[in-house]
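The values are calculated or read from the model by the stated rules, or taken from the named source; none is laboratory data. The model shown is predicted, which means the values in this text are computed figures rather than measured ones. Cβ placement follows ideal geometry from the backbone for every residue including glycine, while neighbour counts extend to all protein chains displayed. When the accessible area is computed, the model is the full protein with side chains, heavy atoms only, and any ligands, DNA or RNA have been set aside. Shrake-Rupley method; radii C 1.70, N 1.55, O 1.52, S 1.80 Å.
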Amino acid sequence: VKPGLQVNAMPITKWMNNLLYDTTLHYVAVHVHPYAQTLELRDVTTGTAVFTSHITNFPDRVGVATVEVYSSAKGTPIYKSHEYELVSVYDNPTGVEQDAMATFFLYLFDKDFHKPTANP
């Protein structure tokens, strides 16, 4: 990440196209590097944010202090036919380029899951 504010949009539709059906999103784990401000899962088809994680960095040293995660028993709809992207916002105040990464781990409802039965 170069010094200053940087917004990156990464298409992820090719990974989302592996979905076999419409489903629901129930949990999002987030991994970012220092200087991240937000990371958003965006539904490009509708032009809306599915979830935006707000990140807080330590004020007195390099490092991420807090990361907002998503958790919902009801879930949020995810559509097989929609296009999605990840949008990261970084603000690098250091004056030199910094290493950066931003990842969401999406936990979706699996309609085909069958609880295994124990052998007698």
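Counting residues in region 56-63 that are in a strand (DSSP E or B) and either charged (D, E, K, R) or touching a Phe, Trp or Tyr at 6+ places or on another chain (Cβ under 6 Å) (or both) gives zero.
Within region 69-99, the set of residues being open to solvent by less than 40 Å² (accessible area, probe 1.4 Å), touching a residue at least 60 places away in the same chain (Cβ under 8 Å) and either out of contact with any helix residue (DSSP H, G or I) (no Cβ under 8 Å at 6 or more places or on another chain) or of a type in the set (Ser, Thr, Tyr) (or both) comprises 84, 86, 87, 88, 89, 90, 92. Applying the criterion of being under 18 Å from residue 10 (Cβ atoms) and small (Gly, Ala, Ser) to the residues of region 75-110, the residue that is farthest from the chain's Cα centre (by Cα) is 100.
Taking first residues from region 1-21 that are over 12 Å from residue 41 (Cα atoms) and partners that are in a strand (DSSP E or B) and open to solvent by 60 Å² or more (accessible area, probe 1.4 Å), the Cβ contacts under 6 Å between residues at least 6 apart in sequence or on separate chains come to 5/91. Looking only at residues of region 100-115 that are open to solvent by less than 100 Å² (accessible area, probe 1.4 Å) and not hydroxyl-bearing (Ser, Thr, Tyr), we find that the one that is farthest from residue 3 (Cα to Cα) is 112. Scanning region 8-50 for residues that are in a loop (DSSP other than H, G, I, E, B) and either open to solvent by less than 30 Å² (accessible area, probe 1.4 Å) or more than 28 Å from residue 62 (Cβ to Cβ) (or both) yields 12, 17, 18, 19, 20, 21, 22, 44, 45, 46, 47. Scoring residue 62 on the criteria (1) in contact with a strand residue (DSSP E or B) (Cβ under 8 Å, 6 or more places away or on another chain); (2) open to solvent by 70 Å² or more (accessible area, probe 1.4 Å) leaves a single failure, condition (1).
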